[in-house]
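Chemist: Before I ask anything, let me first share the structure, which is written out below as structure tokens.
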Amino acid sequence: MISARISALTARVRDALFVAFLTAPVIIALGLTVFYPIIDGIRTSFLEHTIRTRRDPFWNNYQNYIDLYESGDIETYFRTTVTYVVAVVLLSFVISFLLALALNNRLVVGRNLLRGLFLISWVIPTVVAAMLWVWMFQPQIGVINYILGEQLNLVEDSQNWLQHPRLSMAAIVMATVWREAPLMFILFLAGLQSIPQDLVEAAQMDGAGSLRVLRHITLPLMLPIIAIALLLITINSFQMFVVPYIMTGGGPVGRTTTLSIAAYEAAFTDFNTGEGAAIGVMWLVSLVFITLIVNLLISRTER
Amino acid sequence: MRPRVPLSQSQRQQRQRVLAYLFIAVVMVVFIAPSVWMVLGSIQPNREITKDTPNFIPRNVTLANYERIATEPQFRTYFQNSLITTSATVLLSLVISIHAGYAFSRYRFVGKRLLMTGILSVQMFPKVAILITLFAFFARLELINTYEGLVLSHLSLTLPFSVWFMKAFIDSIPFELEEAALIDGAGRLRSIWQVVVPLCLPGIVSVAVYTFMLSWNDFVFALTLMSQDDMRTLPVGVNLSYIGQFQNDWSGMMALSTVASLPVVIMFILLQRFMIAGLTAGALKA
């Protein structure tokens, strides 16, 4: 009896040790590279920590937050980021959803090849994508001004997109959609392909047109995938650093300074680590908030 | 105008088909043209592609830009650094996520849900914000300008996806297949590597391709954690040469950009099937 218990106990201890051995690396890696820096960042955000102070960082009575709030900077960063994110998410959603619907049609020939080609812009490195769009947006020699300006007369000749107060935002949105929309598209296509075809055929037999099939069958069944895809691309574009950093550097006069550019510049250009950390904390809090809301919505629609 | 008559079934299908093709054509051109433009720019001399009227059909095809990149030792260093970092990240991510995925799939233990949610939540944390304190932390550990430091930071990009994905994949492998090996006296660890891993190969390929792309693509960690020129990776090299030797040299820039894209594009074309299946399954389960 006792020996059976002891052997059961040793088996449990052995299992526990084995689980610890298997999970320790991921815990250590993410602990060091994510969770410790976040906690340290929250601490740093309350400190006067700049290259100018020339002494050890010290508690500064929420001054980093007060400065960001009173100067109105944080509001501008948030507004810029939200404009960028909403534009990217909406455009990517419309384009990739319509394209997925069109390509899901069995009548389209060569759709696997087309799908592969469409994904190439998502595979190439973001830096390369940003650089390529910088070239295409060049005022004198860029192909975009040539087509939109000289051929179609939609924009002024030699329009300087990346230095324009409003067009600079449009430019970084276009480059980001070009790179990110394909991800959404694969998710939508996979979702559409999982919809039972007999359901659609039965509805068509009953005389439902394509729009009604879309509204009453496709959309409701796709809702979970749409929610996940939207969340994924929202988080991605909320985090986007490379595209604005390379294409506009946050300019002109801060018109494209998103939270990621602002945090980076505060910490690594102005060497004000405390302010950079404070921007990071507010950014993190808003992302956690968005994720919680979306998760709530998903769990509610599933019920 | 013609009076609206109800369209017959076949007319409606016809119209739908035309609309679908038209839309596909427009979107495809807009999305594929820039990549083609990049390659076309890279195989022409710079004076040809910096004229006021662009050449849509190249007149002067040359590989001189690629030759220049191949002969400058600095680009070879960037390429090598990218390759070292990325391969180490892929290998480590695979081993770590196979082990952790196995534990999450086969065992019940205290704090499992919390741990798994914690791992998934990493994806939503802003990387630039993390980097501010990570930089100071790595400086104290003397990990700046080391492969170890950059690889460790890349694990934060790859592990959330790969651990969750491996867990879901191992879930789909019946435990009975392992039992035979366990009865024969193999330990749990041997059973993972001799029974589970061979059965998981398609999943492992998906994880490998995706982690390769994530690590190869990284710019912001490499930009801040690798400040020495001989430690820089290719994406940072692309950005630097824009202000450096390729200033106003767009054909050189495009050749370098093409070189930086080739490994991932080739890998994607070869392993597209695994990649797409893995990605969608991963997203759906998460």
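The values are calculated or read from the model by the stated rules, or taken from the named source; none is laboratory data. Keep in mind that what you see is a predicted model, and the values were worked out from it rather than measured. With ideal geometry, Cβ positions are generated from the backbone for all residues, glycine too; neighbour counts draw on all protein chains shown.
Chemist: I'd like the full set of residues that are touching a helix residue (DSSP H, G or I) at 6+ places or on another chain (Cβ under 6 Å), surrounded by fewer than 24 Cβ atoms within 10 Å (Cβ to Cβ) and at pLDDT 90 or above, limited to the stretch A:262-283.
Modeler: Listed by number, the list holds a single entry, A:Val281.
Chemist: One residue is enough: does the stretch B:184-197 have a residue meeting the conditions acidic (Asp, Glu), more than 10 Å from chain A (Cβ to nearest Cβ) and farther than 30 Å from A:His49 by Cα?
Modeler: yes
Chemist: Can you name the number of the only condition in (1) outside any loop (DSSP other than H, G, I, E, B); (2) over 30 Å from A:Gln204 (Cβ atoms); (3) more than 24 Å from the chain's Cα centre (by Cα) that B:Pro54 fails?
Modeler: (1)
Chemist: If you take the residues of the stretch A:59-93 that are loosely packed, with under 13 Cβ neighbours inside 10 Å and hydrophobic (A, V, I, L, M, F, W, C), which of them is farthest from A:Phe238 (Cα to Cα)?
Modeler: A:Trp59
Chemist: I've got another one for you. Does A:Val26 count as assigned to a helix (DSSP H, G or I) and either within 30 Å of B:Arg17 (Cα to Cα) or in the same structural domain as A:Phe185 (by TED's automatic domain parsing) (or both)?
Modeler: In short, no.
Chemist: To continue, here is another question. Please go through the stretch A:225-244 and pick out each residue that is closer than 15 Å to A:Ile172 by Cβ, part of a helix (DSSP H, G or I) and without any contact (Cβ under 8 Å) to a residue 60 or more places away in the chain.
Modeler: A:Asn236, A:Gln239
Chemist: Same structure again: Can you give me the number of residues within the stretch B:164-218 that are under 20 Å from B:Met275 (Cβ atoms) and of a type in the set (A, V, I, L, M)?
Modeler: Number satisfying all stated conditions: 13.
Chemist: Tell me which residues, restricted to the stretch A:267-283, are farther than 15 Å from A:Thr81 by Cβ, among the hydrophobic types (A, V, I, L, M, F, W, C) and at the interface with another protein chain (Cβ under 7 Å from one of its Cβ atoms).
Modeler: Residues satisfying the conditions are A:Ala267, A:Phe268, A:Ala277.
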